[in-house]
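Inspection log for the structure reproduced underneath, given as structure tokens.
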Amino acid sequence: MDRELLHKVALSMMPRVNAAVVRVMSECGVCPADFFMPDAGESLSRLGLSSIPIDSERDEALFKARRELDFIDRHSVRPLFILDDDYPFLLREIPDAPVMLYVLGRADLNANPVFSLVGTRRCTSYGAGFCRSLVSDLAAYLPSAVVVSGLAYGIDAAAHTAALDNSLATVGVLAHGLDMIYPAAHRDLARRILSSGGALVSEYPTGTRPYQGRFLERNRIVAGMSEVTVVAESEIKGGAMSTANLAFSYSREVVALPGRYSDATSSGCNLLIARNKAHIFTSVPDMMDLMRWKPEIMGHQVSVSSRPLFPELDGNASLVCDCLQVSGCPMTVDEIHLATSLSVPSLMASLTELEFDGIIVRLPGARYELA
């Protein structure tokens, strides 16, 4: 048995041990094994614990950790300690990061980018359709992106399904141990996530069952491991609002899909936008501009230095690029239309193609400029 891993897992099961304590341990040169030494009192007194763990608490944590390592070995689970190199670096930044993360599956939790897509369990066709469109469009620009959600009904399931349909890795964050799936109706979805290169993630050891408080705890992982949290639909009260508020508190970007003021399922999104806690979603290019995400081609980010400025352009595409180059500043569709005399359908087709190729970028206000 891996003694180092045993002590890491046992440490995460100790009462009153959290990310702050582990960070202080690291600063003081106290390793997880030191925590379980017979003469650990002097070392632990420097950690700021309200009380020093007693022997029975440490013995119980070691017993549970041995049982957990058996499960980890049998099911090829990846245990990630908060100080490990492959622990999600974005998640490690938040003050209340989980001490231990259990990962089933192959997804890269440090992919670029990782974004979360969340919302109500009682989603409408508007919200579900948005998930399909958003993920499909982002997959065309960023085929290495990872979609994070909570494996719940509604928007969560739509987010995971959209990722699977567009060959993106997706991560389901659970509010219980990896020895079960809740809701049970999503067992097949969980299998698809794993078989497609995604992952299931939990901070809870086996035998931990879901209850309401754990879903709220789970939300900090969804928000914490993502660069941006996108809220598709949400009422004013709900798990998605919790996730969005946590992301905002972590200084992460939040984007919300606006809806009609009379629709309860959009009331939370509208409130986030009104209170300046979320950017209004207008388009995928606008969101990419907000996040400074650059389109990828064949797994590599497009950059001016890696390709000719106008590679083999002719016809309408060449006219559009010449127009933008002469202008030297962003132009609207109407301005390009007047300058080039191209028909609007032909112009829009050229703009879409050039944007997809990374030659031009779309800015807020439906303006375009050379990349």
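Between a first residue in the stretch 328-356 that is under 12 Å from residue 368 (Cα atoms) and a second residue that is surrounded by fewer than 18 Cβ atoms within 10 Å (Cβ to Cβ) and of a type in the set (Lys, Arg), which pairs have beta carbons less than 8 Å apart while being 6 or more apart in sequence or on different chains?
From residues that are under 12 Å from residue 368 (Cα atoms), the pairs are 330/367; 331/367; 332/367.
Pick from the stretch 281-328 the residues that are of a type in the set (D, E, K, R), over 22 Å from residue 145 (Cβ atoms) and open to solvent by 80 Å² or more (accessible area, probe 1.4 Å): which of them is modelled with the lowest pLDDT?
Restricting to residues being of a type in the set (D, E, K, R), over 22 Å from residue 145 (Cβ atoms) and open to solvent by 80 Å² or more (accessible area, probe 1.4 Å), the top hit is 312.
Anything in the stretch 190-220 that is farther than 22 Å from residue 76 by Cα, open to solvent by 40 Å² or more (accessible area, probe 1.4 Å) and among the charged types (D, E, K, R)? List them, or say none.
Answer for the stretch 190-220, where residues must be farther than 22 Å from residue 76 by Cα, open to solvent by 40 Å² or more (accessible area, probe 1.4 Å) and among the charged types (D, E, K, R): 214, 217.
Name the single residue, out of those in the stretch 332-356 being open to solvent by 70 Å² or more (accessible area, probe 1.4 Å) and among the acidic types (Asp, Glu), that is nearest to residue 296 (Cα to Cα).
353
Tell me, yes or no, whether the stretch 237-247 has at least one residue that is surrounded by fewer than 18 Cβ atoms within 10 Å (Cβ to Cβ) and at pLDDT below 95.
Yes; the residues of the stretch 237-247 include at least one that is surrounded by fewer than 18 Cβ atoms within 10 Å (Cβ to Cβ) and at pLDDT below 95.
The values are calculated or read from the model by the stated rules, or taken from the named source; none is laboratory data. Since this is a predicted model, take the numbers as computed values, not measurements. We place every Cβ from the backbone using ideal geometry, glycine too, and count neighbours over all the protein chains shown. Side chains included, ligands, DNA and RNA excluded: accessible areas come from the protein's heavy atoms. Shrake-Rupley method; radii C 1.70, N 1.55, O 1.52, S 1.80 Å.
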